[in-house]
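The values are calculated or read from the model by the stated rules, or taken from the named source; none is laboratory data. Everything quoted here is computed from the prediction, not taken from an experiment. Because the Cβ atoms are built from the backbone with ideal geometry, glycine has one as well, and the counts that use them run over all protein chains shown.
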Ligand code: PXP
């Protein structure tokens, strides 16, 4: 993939959520992954949670053996997840905070005070050829710590910005966007590759996609929800073109 262009990672967790609601094998997240790639995704993102509420170990094994596109494994900073990543060897891993009771990943990873443990974890994954990013808030000290523990990339949490856009709070959205812009510039200056994601939809994606240092967006829930109405192909195709237009400086 060309690092100059903005990549789209499609998170297919919620295809598995629907499958698991009935306990069978339909809809198959691996089939969704193939369709997502055909529709313009550059890679597939999956979050293997400790409670396996959506994606399961077998899904990742199948993705690894059946899909000819990069896989980004979102994982908690636990020994269990590191062992799985080292066995399956996704192209990339994004270390995220995880609490059992949360509905989705709330907030970024806390790095301060746990740097030595993270440094070992990041180093072990990187030695296995896995590109490691850390899912973080747009906060300078946290970004400095991410660089310091040896991460190749950071993924900036866009949740607060997306909430502000949904709440129709122009001033708050502007402030959150400015925070993301400043963080992207700071992270890039530290030599980190910059990704972003969480909560993005057709309305919020443009201004984030226009941030020049960001090279990858990971988007899931909205796309899978929208696919119910228009199909995965059209939902992803529209997201892709909104990203590309914003990147090219064209109005949506
Ligand atoms: N990036 C990370 C690190 C995430 O944890 C998630 C949610 O699993 C996403 C991106 C995608 O967020 P959403 O499903 O809200 O688009």
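Suppose the filter is farther than 19 Å from residue 40 by Cα, in a helix (DSSP H, G or I) and in contact (Cβ under 8 Å) with a residue 24 or more places away in the chain; does residue 246 pass it?
Against the criterion (farther than 19 Å from residue 40 by Cα, in a helix (DSSP H, G or I) and in contact (Cβ under 8 Å) with a residue 24 or more places away in the chain), residue 246 does not qualify.
Here are the criteria: (1) within 16 Å of the chain's Cα centre (by Cα); (2) within 28 Å of residue 244 (Cα to Cα). Tell me which single one residue 55 does not satisfy.
Looking at each condition in turn, residue 55 falls short on (2).
Give the residues of region 73-91 that are away from the ligand (no atom under 14 Å from the Cβ) and either over 21 Å from residue 218 (Cα atoms) or part of a helix (DSSP H, G or I) (or both), sorted by residue number.
Selection gives 78, 79, 80, 82, 83, 84, 85, 86, 87, 88.
Pick from region 119-131 the residues that are in contact (Cβ under 8 Å) with a residue 24 or more places away in the chain, surrounded by fewer than 22 Cβ atoms within 10 Å (Cβ to Cβ) and part of a helix (DSSP H, G or I): which of them is nearest to the ligand (Cβ to nearest atom)?
Ranking the candidates gives 126 first.
Could you identify the single residue in 32, 16 that is crowded, with 18+ Cβ neighbours inside 10 Å, within 12 Å of the ligand (Cβ to nearest atom), over 16 Å from the mean Cα position of the chain (by Cα) and in a helix (DSSP H, G or I)?
16
Pairs please, first residue from region 154-181 and assigned to a strand (DSSP E or B), second anywhere and modelled with pLDDT under 95 and surrounded by fewer than 21 Cβ atoms within 10 Å (Cβ to Cβ), Cβ atoms under 7 Å, 6+ apart in sequence or on different chains.
Note: pairs meeting the criteria are 157/107.
Among the numbered criteria (1) modelled with pLDDT of 95 or more; (2) more than 16 Å from the ligand (Cβ to nearest atom); (3) more than 17 Å from the chain's Cα centre (by Cα); (4) more than 19 Å from residue 95 (Cβ to Cβ), which single criterion is violated by residue 166?
(2)
Return yes when residue 200 is part of a loop (DSSP other than H, G, I, E, B) and either surrounded by 22 or more Cβ atoms within 10 Å (Cβ to Cβ) or at pLDDT 95 or above (or both) and no when it is not.
For residue 200, the condition - part of a loop (DSSP other than H, G, I, E, B) and either surrounded by 22 or more Cβ atoms within 10 Å (Cβ to Cβ) or at pLDDT 95 or above (or both) - is met.
Considering 223, 134, which residue is within 16 Å of the ligand (Cβ to nearest atom), in contact with a helix residue (DSSP H, G or I) (Cβ under 9 Å, 6 or more places away or on another chain), at pLDDT 95 or above and in a helix (DSSP H, G or I)?
Only one candidate passes the filter, namely 223.
Applying the selection to region 92-118, what residues are within 14 Å of the ligand (Cβ to nearest atom) and surrounded by 15 or more Cβ atoms within 10 Å (Cβ to Cβ)?
Matches in region 92-118: 92, 93, 94, 95, 96, 97, 98, 105, 107, 108, 109.
Take the conditions under 25 Å from residue 54 (Cβ atoms), at pLDDT 95 or above and either more than 15 Å from the chain's Cα centre (by Cα) or assigned to a helix (DSSP H, G or I) (or both) and apply them to residue 94. Does it pass?
The answer is no for residue 94.
Residues in region 183-192: is at least one outside any helix (DSSP H, G or I) and surrounded by 20 or more Cβ atoms within 10 Å (Cβ to Cβ)?
The answer is yes; a qualifying residue exists.
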